[in-house]
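None of the figures in this text is laboratory data; all of them are computed from the coordinates on show. Note that the structure is predicted; figures quoted are calculated from it, not measured. FYI the Cβ positions are ideal-geometry reconstructions off the backbone, even for glycines, and counts take in every protein chain you see.
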Amino acid sequence: MRIFKKKAAGINSLMQELDHKNLPEHVAIIMDGNGRWAQKRKLPRSVGHRAGVENVRTVIRLSSDLGIKALTLFAFSTENWKRPQDEVNVLMDLLVEYIKKELNELNRKNTRIKTLGDLNKMPKKVADEIDRAKETTKNNTGLIVNMALNYGSRQEMVSAVKKIASKAMSGEISIDEIDENTILKNLYTADLPEPDLIIRTSGENRLSNFLLYQAAYSEFIFTKTLWPDFNEKEYLKALIEFEQRQRRFGAI
Ligand code: FPP
């Protein structure tokens, strides 16, 4: 009981430290370190992924309660297919299980599910659940939970270039009209603000083909904490650190 109170007190004081008017509109997270979290406990990697999903719940709940507009989560990359088939299956099953269990609650919280990535390659059972989640939540106006599935930023840019080229060839737009905004509007994130804050857990300091174009002016927070341990306190601390950064967008 004492421990619980102490934990709650920590969260409360961080909540007070946070300037609720200065929050990022769009947070994007590379959820890394599930495997190492499990390894440290001599558990199978699948247990680490399960713990990772539990933490997805925590971070979505807090983002929604804080009134953040969009949360993009890197759940499965175009490179993740290279993992052993068993592990790929575990991740796919966890996604289906997560949506089945959580959709009512996500809907009740007024969150809207969206995705980025090429869903054509996802197993049908995953694609079906995702479609159902999108359809159920399509009119919701709260937090946008944007799941990156079979996502790679370079592949996203290739697809944007193809869309723009085909519009140019059909005469819908002229070559001279193509500008930075044309590219932004043809990415999967077209209707979202650019990410203000990108967090990567587990001590890896790279973007790994995540939101390369959109990240031009993002703030980055790299933390050593493994994803399943990135709890409310860690998230609040990252948001407070974001608020202390000076964002100049190239100006002085
Ligand atoms: C990185 O840890 C994590 C992933 C590749 C998958 C992330 C996916 C989840 C947390 C579940 C997604 C579910 C939902 C509901 C969005 P790693 O396996 O690369 O860890 P390691 O680097 O320590 O091996």
- Query: Roughly speaking, what is the stretch gain from residue 139 to residue 233, that is 0.36 nm per residue apart minus the C-alpha to C-alpha distance, in nm to one decimal?
  - Reply: 30.7 nm
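Tell me what the chain gives for mean residue ellipticity at 222 nm when only DSSP H runs of n ≥ 4 count, each as -39,500 (n - 2.57), the sum divided by the residue total, rounded to 500 deg cm²/dmol.
Numbers: 8 runs with 119 residues, N = 252.
Counting only the DSSP helices, I get -15500 deg cm²/dmol.
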- Positive-pole candidate from 35, 13, 23, dipole of region 13-70, charges at beta carbon: 35
- Nonlocal amide H pairs with residue 33, under 5 Å, H built at 1.01 Å: 227
- Item | Kirkwood hydrodynamic radius over Cα pairs of the chain, then Stokes diffusion coefficient at 20 °C and 1.002 mPa s, in µm²/s | 111 µm²/s
- Neighbours of residue 136 by Cβ distance under 15 Å: Lys/Arg at +1, Asp/Glu at -1, summed charge +3
- Task: Evaluate region 187-252: find the radius of gyration of its Cα atoms, find its Kirkwood radius, and give the ratio Rg to Rh.
- Result: 0.98
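Got a sec? How would 147, 169, 15, 122 order by Cβ neighbour count within 10 Å, fewest to most? Intermediate results must be reported in sequence, preceding the final value.
Numbers: 147 23, 169 9, 15 15, 122 19.
The most exposed by this proxy come first: 169, 15, 122, 147.
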- Query: Between residue 181 and residue 222, what FRET efficiency comes out of the Förster formula 1/(1 + (r/R0)^6) with R0 = 22 Å and r the beta carbon distance, rounded to 0.05?
  - Reply: 0.15
- Residues whose modelled amide H sits under 5 Å from the amide H of residue 78, counting only those 5 or more places away in sequence or on another chain, are 151, 152
- Note on the structure: Rounded to whole angstrom, the alpha-carbon centroid of region 130-207 lies from that of region 48-113 at a distance of 19 Å
- Between residue 116 and residues 5 or more places away or on another chain, which pairs have amide H atoms under 5 Å apart, with H built 1.01 Å from N, and which residues are they? 147, 148, 149
- Query: Could you give the nm distance between label points at residue 110 and residue 154, where each point is 7 Å from its Cα heading toward the beta carbon?
  - Reply: 4.2 nm
- Virtual spin-label span in nm between residue 12 and residue 206, 7 Å along Cα→Cβ: 4.4 nm
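At 10 °C and 1.306 mPa s, grab the translational diffusion coefficient of region 142-252 from Stokes-Einstein with a Kirkwood Rh over Cα pairs, rounded to a whole number in µm² per second.
In µm²/s, the coefficient rounds to 98.
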- Message: Angle check, please: helix 45-66 long axis (alpha carbons) against the longest principal axis of the chain (alpha carbons), in degrees 0 to 90, nearest 10.
- Response: 80 degrees
- Note on the structure: Tilt, helix 153-169 to longest principal axis of the chain (alpha-carbon atoms), in degrees rounded to tens, equals 30 degrees
- GluC sites (Glu not before Pro) within region 109-201, DSSP loop, no more than 16 other Cβ atoms inside 10 Å: 172
- Item | Rg/Rg_globular for region 1-106, with Rg_globular taken as 2.2 N^0.38 Å and Rg from C-alpha atoms | 1.26
- Query: So what is the relative contact order of the chain, in percent, for Cα pairs below 8 Å that sit 6 or more residues apart?
  - Reply: 29 percent
- Query: Modelled label-to-label distance, residue 252 and residue 101, 7 Å Cα→beta-carbon offset: nm?
  - Reply: 5.5 nm
- Message: Using only Cα atoms and rounding to the nearest 10 degrees, what angle (0 to 90) does helix 2-17 make with the longest principal axis of the chain?
- Response: 40 degrees
- Message: Give me the dipole magnitude in Debye, nearest 20, for the chain about the Cα centre, with unit charges on the beta carbon: positive for Lys and Arg, negative for Asp and Glu.
- Response: 1080 debye
